[in-house]
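Taking it in order: structure first as structure tokens, then the write-up.
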Amino acid sequence: MHRTNNCSSKAYAMSNPSLHSKEAKQQHEQKRQFAVDQKFAHTSSEHDETSIPEDNVKKNVELSKGSILYVSLVAVALSLFLAALDVMIVSTIIEEVAKQLGSYSEIGWLFTGYSLPNALLVLIWGRIATPIGFKATMLFAIVIFEIGSLISALASSMNMLIGGRVIAGIGGCGIQSLSFVIGSTLVEESKRGMLIAILSSSFAIASVVGPFLGGVFTSSVTWRWCFYINLPIGGLAFFLFVLFYNPGLHTFRETMKNIPRIPSQFVKVVRKVAHHSLKVKNFNKSNSWKKLFIELVFMYDVIELVLCSAGFTSILLAFTFGGNRYAWNSTSIIILFIVGIILVISAIIYDFFVFPKFNLVKATPSYQPLMLWRNIKKPGVFTVNIALFLLCAGYISQFTYIVQYFQLIYNDSAWKAAVHLITCVISTVITAIVCGVITDKTRQIKPIIVISSILGVVGAGLLTLLNNNASSSAHIGLLILPGIAFGGLAQSSMLASQIQLDKESPTIKSDFVSITTFNTFCKALGQALGGVVSNTVFSAAVMTKVTRSNIKLPGGNTVNNLVVYRQTNFDGSHSELGHIVSESLTDVFYMALGFYTLSFIFAIFASNKKISAKPKQVKDDVESGEDLEGIMTH
């Protein structure tokens, strides 16, 4: 009926040119002004900012341009740099921390304490951001990260330091996952390859700056500055997000006018967070507690979170204590492994098969498991993310013990050992940018994934040649290929996952957040696993070789005593201890080779799907008013 009337109006206007020139034009101007008014009202402080669509996933919406876009990207990149810096900066402080606080056998938890919550909570951060808003959630994550950094800087024991790392990891996982989600919504799909390359480069630059700063601080000031440095950087990122990331505001002028409204917006966000957290006003009523319980179980999937967290923690604790505090065949270690594996399997079964069966879930579309089987089961999603998980486990093992190589074999200072990582990271940065350009031009992803995996296997194999007889050229050349592999796969795996989604699906927004955070989950979990397992392999190998050589270390044959003795009684790279350390590091590099090989096997099954072509720019048609719906909907 509406369409018939519309056609009649057009016919009448064509038969009366004067009416068309006057009334039609006036009518369109009124509609256009109404649309603009609606847009302004939608972005005003009177409207809850968290209800503004914060993505361009499902439909074409007006995106920020010019200086606002660039400053928003800087805020996202700086936040990601902050989180990535904390991963890499500890690689050069291991010996000094072990010397001051002891417990070298637990030193792997400097990585895992940060990476494990980074992996386990990354999925729930995306869930929190959906109702509360990306901006408020990102700011909250930065605050938590800063608190953890301050605790780490003030740590007086290894347990306190690890606790600070865990808190920082909770905030860091929110920063990392939301950085890629927010970044991906700032540009159209055809440009996401370049954007992800830029964000990956930010991560890679932190990989250079992190170890270098860690080395300088440890050698010249104190290792505690490795965590103090996060405070001003985090403060700057927080400030940029507060001022410039405002979904719905697209120009610098609108952003400046919005500044006086920030306090009132902040109050509204706090109220929304409180309301969403509590859901009810009076907790003295039993039904109120029941509502809260239902929200936690079905909205945030806490059962899966608890099972998964407890399971992975048990497995990693088994790797940490096995061969150190307890024998590998001891009851404690066996129980940790069995319980951990059972809990992880239970979490997977619950999320994939049990959770969707509840009647309440079927009746409420917003109730979704943290891991959506309908997304993960897609071959194009599953294969690339498992490949990324395995590659990250190998890469973090190499990255950490390359520093140990120069410190324990050649007795290099922390900053001098960190300098050698520049070769690895520069290749990562260049590869990420080049792959972004190639993806932008060709729309191809799989060739990058496969080639990166092949180069990763070759590079990991060559790195096993890095021993105490290696030349200076080998110290540089052997680090190039691992960097290329990481830069290529980390950049392409996320984009390869995102393009598998159906843009017409009614759940596209939640699916987009879910798939992006799942990619970050796999990356962080790989780093957590690699950090602990590599430490376990090195510790077990070096202690076995020391025992076989009948070497007696002052204070007893422990890894911590070996590190301290090596620092204070260095006797050259070709001494007996030098050979033992070199051979033990080679064992770690062989383990990394295994991870890279498995990663390649999954990578070859990646999807051949291309990214969408750049959409054509649609010209405004004043006479037809075809853009009116888009403006009003926005």
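The values are calculated or read from the model by the stated rules, or taken from the named source; none is laboratory data. Remember, it's a predicted structure, so these values are computed and weren't measured experimentally. When we count neighbours, we look across all protein chains shown, and the Cβ atoms used for this are built from the backbone with ideal geometry, even at glycine.
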### Message
With among the aromatic types (F, W, Y), surrounded by fewer than 20 Cβ atoms within 10 Å (Cβ to Cβ), modelled with pLDDT of 75 or more and part of a helix (DSSP H, G or I) as the only criterion, which of F227, F239 stands out?
### Response
F239
#### Entry: Meets criteria (assigned to a helix (DSSP H, G or I) and over 23 Å from the mean Cα position of the chain (by Cα)) for Q398
no
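Condition check ((1) surrounded by fewer than 16 Cβ atoms within 10 Å (Cβ to Cβ); (2) within 26 Å of the chain's Cα centre (by Cα)) across all residues:
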site: V429; (1), (2): no, yes
site: I438; (1), (2): no, yes
site: K441; (1), (2): yes, yes
site: K446; (1), (2): no, yes
site: G459; (1), (2): no, yes
site: S473; (1), (2): yes, no
site: I476; (1), (2): yes, no
### Residue among G594, G531, G556 that is within 28 Å of G113 (Cα to Cα) and without any contact (Cβ under 8 Å) to a residue 12 or more places away in the chain
G556
#### Entry: Flag if G126 is crowded, with 21+ Cβ neighbours inside 10 Å and either at pLDDT below 75 or over 15 Å from S79 (Cβ atoms) (or both)
yes
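This table checks each residue for (1) at pLDDT 80 or above; (2) part of a helix (DSSP H, G or I).
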| position | (1), (2) |
| --- | --- |
| E254 | no, yes |
| P263 | no, yes |
| A274 | no, yes |
| F283 | no, no |
| N287 | no, yes |
| F312 | yes, yes |
| A318 | yes, yes |
### Summary
Taking the range 443-457 and keeping residues part of a helix (DSSP H, G or I) and touching a residue at least 40 places away in the same chain (Cβ under 8 Å) leaves K446, I448, I449, V450, S452, S453, I454, G456, V457
#### Entry: Condition met for M543 (out of contact with any Gly (no Cβ under 6 Å at 6 or more places or on another chain), within 25 Å of F134 (Cα to Cα) and touching a residue at least 40 places away in the same chain (Cβ under 8 Å))
no
### Query
Restricting the search to the range 349-368, which residues are closer than 14 Å to I294 by Cα and touching an Asp or Glu at 6+ places or on another chain (Cβ under 9 Å)?
F355, Y367, Q368
### Task
Restrict the check to the range 416-424 and report whether at least one residue is surrounded by 24 or more Cβ atoms within 10 Å (Cβ to Cβ) and either more than 30 Å from T568 (Cα to Cα) or polar (S, T, N, Q) (or both).
no
### Task
Keeping to the range 458-479, report how many residues are in a helix (DSSP H, G or I) and at pLDDT 90 or above.
6
### Message
It is to be established whether one or more residues within the range 351-369 are under 30 Å from A460 (Cβ atoms), aliphatic (A, V, I, L, M) and in a helix (DSSP H, G or I).
### Response
no
### Test: F406 is in the same structural domain as S493 (by TED's automatic domain parsing), assigned to a helix (DSSP H, G or I), of a type outside the set (A, V, I, L, M) and surrounded by fewer than 24 Cβ atoms within 10 Å (Cβ to Cβ)
yes
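Conditions tested, residue by residue: (1) of a type in the set (G, A, S); (2) assigned to a helix (DSSP H, G or I); (3) crowded, with 21+ Cβ neighbours inside 10 Å.
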site: L481; (1), (2), (3): no, yes, yes
site: A496; (1), (2), (3): yes, yes, yes
site: K509; (1), (2), (3): no, yes, no
site: F512; (1), (2), (3): no, yes, yes
site: T516; (1), (2), (3): no, yes, yes
site: A528; (1), (2), (3): yes, yes, yes
site: T544; (1), (2), (3): no, yes, no
site: P554; (1), (2), (3): no, no, no
### Task
Go over the candidates I426, I430 one by one and state the one that is of a type outside the set (D, E, K, R), in contact (Cβ under 8 Å) with a residue 60 or more places away in the chain and either closer than 18 Å to K609 by Cα or assigned by TED's automatic domain parsing to the domain that holds V221 (or both).
I426
### Query
Which number in (1) in a helix (DSSP H, G or I); (2) within 14 Å of L408 (Cα to Cα) marks the one condition that F570 misses?
(1)
#### Entry: Unique match (being surrounded by fewer than 23 Cβ atoms within 10 Å (Cβ to Cβ) and at pLDDT 80 or above) among I147, I205
I147
